[in-house]
1. Please find the FRET efficiency linking Ser139 to Val286, where r is the Cβ-Cβ separation and R0 is fixed at 22 Å, and quote it to the nearest 0.05.
2. Per 0.36 nm of contour for each residue apart, how much would the distance between Ala74 and His147 grow if the chain were fully extended, relative to their Cα-Cα spacing?
3. If packing is taken as the average number of other Cβ atoms within 10 Å across a peptide's residues, how do 46-59, 253-266, 81-94, 275-288 rank, most packed first?
4. What residues qualify as long-range amide H neighbours of Ala167, i.e. H under 5 Å apart, gap of 5 or more or another chain, H built at 1.01 Å from N?
5. Considering amide H positions built from the backbone, and no H for Pro or chain starts, which residues 5 or more places from Asn250, or on another chain, come under 5 Å of its amide H?
6. Considering only Cα-Cα distances, which of the following residue pairs are longer than 31 Å: Lys96/Lys137; Lys111/Lys279; Lys72/Lys270; Lys188/Lys279?
7. Whole-Hz ³J(HN,Hα) for each residue in the range 236-242, computed from phi via Karplus 6.51 cos²θ - 1.76 cosθ + 1.60 with θ = phi - 60°, x for glycine and proline: what do you get?
8. Can you compute the modelled spin-label distance between Tyr8 and Gln112, with each label point 7 Å from Cα toward Cβ, in nm?
Amino acid sequence: GMSTLDQYRKSAELTLSRLHPSRTFENMQLETQMERLLAVMATGLALLGGSIFTSIVTNDISDIRRVRRMQKEAEYQVSDFFMIYPVSWALELQVKDHLQNNMSRVAPPCKQEMYAMLPDFLYRELCREALTPLLQKHSVLYDITSHHLGFQYDLCVECLVDWNVGAHEMLFSVGRKCEQMLILTSVKIGYCRDKEVLSDIISVSTAKSAGKVPSVATLRTRSSHEGNFDVKLSSPGDWLCEACLWCPWNYLGRAISETRAAFLCLNYHKLLTAANRNKEACRELVVYARHFTASMQHIPEEQLMDLPFGLQGV
């Protein structure tokens, strides 16, 4: 005869073969009460596991369909817009590629979501401990926040705003007014001060007076050669466009994310508000701002970039 373990295994196999409701009664025809009990339990567990698996698959399919439906709706709206306001083919492709990349990706969690889930005191503490280490490479800001706890809370909680972008997305381009410093958190980007783009910006000003303005897509296409970057940044804590915090600044180059990227944005209006609430920190920031602008005056105009001074020429 079979051992007890083999009997239980055989009972389980027979039970799985009787999952169909029309054959469930056969479980009661087993010889011993223990076999019948095992058969009923195996049937119940199999049905439960099957229902959970089916639910997971159904929910995943539903999520995929919802994302595709949202993507299709966005594409239809953009197509209708282009029918009313025709643009160049290059710009139309760029807009559609952006929608396709960003509508299908899952955005990482942001500060706003943490704020909705946590009480205020815990949210403020989380922001301070999570974001302060990203300032370590900027020795001045890090020292000021280390010595002035109130300013540290204001900077991390109210001033630093997270920004998530997709792969191969243009972060900024030449000529636009810059209003915020970008701090890298999880990102790999390329930066280039493209002389060709700068000459195109000048040609646009000339063309405007003649009534012939080239499209923005044309300018971007001329300067979008892959890998044509002066500097590539990938280390958390690196930053771009600090100059906009201390003086009027327009972008001098272009930056593109090579992978999905996450930034912290520091707007100069919010920094000024936080500094006004912390007088000691404000005095130190004023001293640094004067030193920063004075240092800029000693740099030839053709060597100015959106990078930190320490990264120029790398």
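1. Details: r = 17 Å, r/R0 = 0.78.
Result of the calculation: an efficiency of 0.80.
2. Values: separation 73, 0.36 × 73 = 26.28 nm, distance 4.82 nm.
Value of the extension gain: 21.5 nm.
3. Numbers: 46-59: 10.6, 253-266: 21.0, 81-94: 12.4, 275-288: 15.7.
Sorting 46-59, 253-266, 81-94, 275-288 by mean packing, highest first, produces 253-266, 275-288, 81-94, 46-59.
4. Residues meeting the criterion, in which the H sits 1.01 Å from N, are Arg260.
5. Long-range HN contacts for Asn250: Cys178.
6. Working: Lys96/Lys137 37 Å; Lys111/Lys279 27 Å; Lys72/Lys270 37 Å; Lys188/Lys279 36 Å.
Correct reply: Lys96/Lys137; Lys72/Lys270; Lys188/Lys279.
7. Each residue's phi maps through the Karplus curve to give x, x, 5, 9, 9, 6, 5 Hz.
8. 5.5 nm
All of the numbers you see were taken from the coordinates with simple rules; none came from a lab. Note that the coordinates shown come from a computational prediction; the quantities given were computed from them, not determined experimentally. Virtual Cβ from ideal backbone geometry, glycine too; neighbours counted across all protein chains shown.
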